[in-house]
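The values are calculated or read from the model by the stated rules, or taken from the named source; none is laboratory data. Since the structure is predicted, the reported quantities are computational estimates derived from the model, not experimental observations. Counting neighbours? That spans all protein chains shown, and the Cβs are built from the backbone with ideal geometry, glycine included. For the accessible areas, the whole protein counts, side chains as well, though only heavy atoms, and no ligand, DNA or RNA atoms are used. Shrake-Rupley method; radii C 1.70, N 1.55, O 1.52, S 1.80 Å.
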Amino acid sequence: MDNKKSRICPVEHSGSLDLKIRRWMQNPQKILAPYIKEGMTVLELGCGPGFFTFDIAQMVGTSGRVIAADLQQGMLEKIRLKMKNSELKGQITLHRCTENTIGISDNIDFIFLFYMVHEVSDKKLLFNEIELLLNENGSIFIVEPPFHVSQKAFEEMICIAEGEGLRVVERPKLFLNKTALLKKH
Ligand SMILES: C[S@@+](CC[C@H](N)C(=O)[O-])C[C@H]1O[C@@H](n2cnc3c(N)ncnc32)[C@H](O)[C@@H]1O
């Protein structure tokens, strides 16, 4: 079944994405340190409740910015709540996407898609827009889950991305997960 409701992680399940124990398995700073530098503009697409958002904000520093974007307003509200008491709030912009467009026009240095691409029905449209947003030297980091997404389905995603002017430059190691770092052609 591939209707929107079954594909998209509901806001009611967002607590499981924000567990403290997850930091032990998927430490945001360790995963992202090789790619995110101070001053960068980062797009975190499908940010969910913001498990990675505040670490990214810290890494880009006061001269950079993270745009935390999601389809579901409820996910963005989770982040908005956490922002209230955070000294990093000035570095975070919340943005609501629609099903068919990200809907921003900024120049982006790094686009992070963690456990998100398999939820998108029109991947060609997604990668087309991503390619347009990305700076010439920018990169895209895709991570997909171990069991939920097969290797075949992952390689099909990458093929679609390649068809939209992107190329794989690295397959970063992240225990059990499927990953690809891409750049423009
Ligand atoms: C499984 S959650 C992962 C959240 C977060 N990246 C994490 O790892 O904690 C996937 C998120 O992608 C969002 N999403 C799905 N399709 C989207 C789209 N077309 N545009 C923006 N966000 C989308 C969902 O609303 C959900 O919050």
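Of the options 43, 26, 63, report the single residue whose Cα projects farthest towards the positive end of the charge dipole of segment 4-70 (beta-carbon charges: Lys, Arg +1; Asp, Glu -1). About the Cα centre, the residue reaching furthest to the positive side is 26. What the phi angles of segment 171-178 give under the Karplus curve with 6.51, -1.76 and 1.60, with θ = phi - 60°, is a coupling list of 10, x, 7, 8, 2, 6, 7, 9 Hz, glycine and proline written as x. Between the exposed loop cleavage positions of the chain, defined as chymotrypsin sites (Phe, Trp or Tyr not before Pro) in a non-H, G, I, E, B DSSP state with at most 10 neighbouring beta-carbon atoms within 10 angstrom, the longest gap is 1-146. Protein heavy-atom accessible surface, 1.4 Å probe, per residue over the chain: 52 Å².
Rounded to the nearest 0.05, what FRET efficiency do residue 25 and residue 135 have when you use their Cβ-Cβ distance and R0 = 30 Å?
It comes to 0.45.
Looking at segment 89-185, the trypsin sites (Lys or Arg not before Pro) that sit in a DSSP loop and have at most 11 other Cβ atoms within 10 Å of their own Cβ are 173. In terms of its alpha-carbon gyration tensor, the chain comes out rounded; the largest-to-smallest axis ratio a/c stays below the 1.5 threshold. The count of lysine pairs in segment 1-80 that are at least 8 places apart or cross chains, and whose C-alpha atoms lie under 30 Å apart, stands at 9.
Specify whether the C-alpha gyration tensor of segment 67-110 places it in the rounded, prolate or oblate class, a ≥ b ≥ c being the square roots of the eigenvalues: rounded for a/c under 1.5, otherwise prolate if a/b is larger than b/c and oblate if not. In terms of gyration-tensor shape, oblate. Look at where the Cα atoms of segment 59-82 and of segment 10-26 average out, and the two centres are 16 Å apart.
For the chain, adding -39500 (n - 2.57) for each run of n ≥ 4 DSSP H residues and dividing by the number of residues yields -8500 deg cm²/dmol at 222 nm.
When the accessible area of segment 4-184 is split by element with a 1.4 Å probe, what percent falls to carbon and sulfur?
C and S fraction of accessible area: 54 percent.
Using a cutoff of 8 angstrom between alpha carbon atoms and counting only pairs six or more residues apart, the relative contact order for the chain works out to 17 percent. Take residue 47: with every protein chain present and a 1.4 Å probe, its accessible area is about 10 Å². The GluC sites (Glu not before Pro) found in segment 101-161 include none that occupy coil by DSSP while having at most 12 further C-beta atoms within 10 Å.
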